[in-house]
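Would you mind keeping the following structure in view while I ask a few things?
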Amino acid sequence: MLLLVCAVAVGLAQEAIAWSLERRLKKGDFTGRVPATASTASMSWIHIETEWECKDVTLKTMARATFDPSRSWFRSQNRMESDIQLLEHEQIHFDIAEVAVRKIRATFQTFTGACAEPGGTEPIEHLIARADRDLQQEQERFDRETAHGINARVQAQWKRRIMALLN
């Protein structure tokens, strides 16, 4: 399961983990409490943080994917291979968010003259809203096609496709 939040300058309860190709999620990163009514084995709280401002006529932007450990939880499946597959499923959710961040950054580059004209940055909010909708749909498709990580073969296909986009 995934909870994805697209936010501008979000304050997090615990130090967020920024996405990194080298830094993969581990069970110990999931420090949130498992809800008594939880119907799934895990939940990742992933944020897409974006900021932009005009410094004179130059647009300064930032976009990054982060994982909030204090709001994310993991219920061990009592089988190592199941835990590994579940952890990989959550990592792929994080990786999908990074793919979205890279698209946002690329689009930010098209706003070269945004600060030179009144209201020039207004379309950025629409860009972020559209990127969030697209990302939500992609995350839901990933969960649906992999049966929330149960279908290892399909999950492996997703992993290959997403990793190709990140490398």
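Suppose we keep only residues that are basic (Lys, Arg), exposed (fewer than 13 other Cβ atoms within 10 Å of the Cβ) and under 15 Å from the mean Cα position of the chain (by Cα) within region 131-167. Which one would you say is farthest from Leu86 (Cα to Cα)?
Among those that are basic (Lys, Arg), exposed (fewer than 13 other Cβ atoms within 10 Å of the Cβ) and under 15 Å from the mean Cα position of the chain (by Cα), it is Arg133.
Under 26 Å from Gly32 (Cβ atoms) and among the acidic types (Asp, Glu): which single residue out of Glu140, Glu117, Glu53, Glu122 fits that description?
Step by step, each of Glu140, Glu117, Glu53, Glu122 is checked, and only Glu140 is under 26 Å from Gly32 (Cβ atoms) and among the acidic types (Asp, Glu).
I've got another one for you. Being under 12 Å from Ser44 (Cα atoms) and among the small types (Gly, Ala, Ser) is the filter; apply it to region 67-83 and report the residue that is surrounded by the most Cβ atoms within 10 Å (Cβ to Cβ).
Ser72
Residues in region 91-99: is at least one polar (S, T, N, Q), more than 15 Å from Ser42 (Cβ to Cβ) and in a helix (DSSP H, G or I)? Talk me through it step by step, then tell me what you get.
At the first step, the residues of region 91-99 found to be polar (S, T, N, Q) are 91.
Retained after the next criterion (residues that are more than 15 Å from Ser42 (Cβ to Cβ)): none.
Among the residues of region 91-99, not one is polar (S, T, N, Q), more than 15 Å from Ser42 (Cβ to Cβ) and in a helix (DSSP H, G or I), which makes the answer no.
Right, here's the next one. Output the residues belonging to region 43-60 that are surrounded by 11 or more Cβ atoms within 10 Å (Cβ to Cβ) and either of a type in the set (Val, Ile, Thr) or more than 15 Å from the chain's Cα centre (by Cα) (or both). Step through it out loud before you land on a result.
Quick first cut of region 43-60, residues surrounded by 11 or more Cβ atoms within 10 Å (Cβ to Cβ) only: 43-54, 57-60.
Result: Ile46, Ile48, Thr50, Glu51, Trp52, Glu53, Cys54, Val57, Thr58, Leu59, Lys60.
Here's something else I'd like to know. Taking the conditions exactly as written (surrounded by 17 or more Cβ atoms within 10 Å (Cβ to Cβ) and in contact (Cβ under 8 Å) with a residue 60 or more places away in the chain), does Arg64 satisfy them or not? Quick ask: steps written out before the conclusion?
On the way: surrounded by 17 or more Cβ atoms within 10 Å (Cβ to Cβ): yes; in contact (Cβ under 8 Å) with a residue 60 or more places away in the chain: no.
Against the criterion (surrounded by 17 or more Cβ atoms within 10 Å (Cβ to Cβ) and in contact (Cβ under 8 Å) with a residue 60 or more places away in the chain), Arg64 does not qualify.
Same structure, new question: If Ile124 meets every condition in (1) closer than 23 Å to Met43 by Cβ; (2) touching a residue at least 40 places away in the same chain (Cβ under 8 Å); (3) in a helix (DSSP H, G or I) apart from one, which number is that one?
Exception for Ile124: condition (1).
Considering (1) within 23 Å of Glu138 (Cα to Cα); (2) part of a loop (DSSP other than H, G, I, E, B); (3) at pLDDT 95 or above; (4) polar (S, T, N, Q), say which one Thr40 fails and leave the rest.
Result: Thr40 fails condition (3) only.
Here is a follow-up. Mind listing just one residue for me: the one in region 1-31 that is at pLDDT 70 or above and in a strand (DSSP E or B) and, of those, surrounded by the fewest Cβ atoms within 10 Å (Cβ to Cβ)?
Of all residues in region 1-31, those at pLDDT 70 or above come to 14-31.
Still in the list and also in a strand (DSSP E or B): 17-18.
Details: Ile17: 19, Ala18: 12.
The residue in question is Ala18.
Oh, and also: When you scan region 84-104, do you find a residue that is farther than 22 Å from Gln136 by Cα and surrounded by fewer than 18 Cβ atoms within 10 Å (Cβ to Cβ), even just one?
Yes; the residues of region 84-104 include at least one that is farther than 22 Å from Gln136 by Cα and surrounded by fewer than 18 Cβ atoms within 10 Å (Cβ to Cβ).
The values are calculated or read from the model by the stated rules, or taken from the named source; none is laboratory data. Source: prediction; values computed, not measured. All Cβ positions, even for glycine, are placed from backbone atoms using ideal geometry, and neighbour counts span all protein chains on display.
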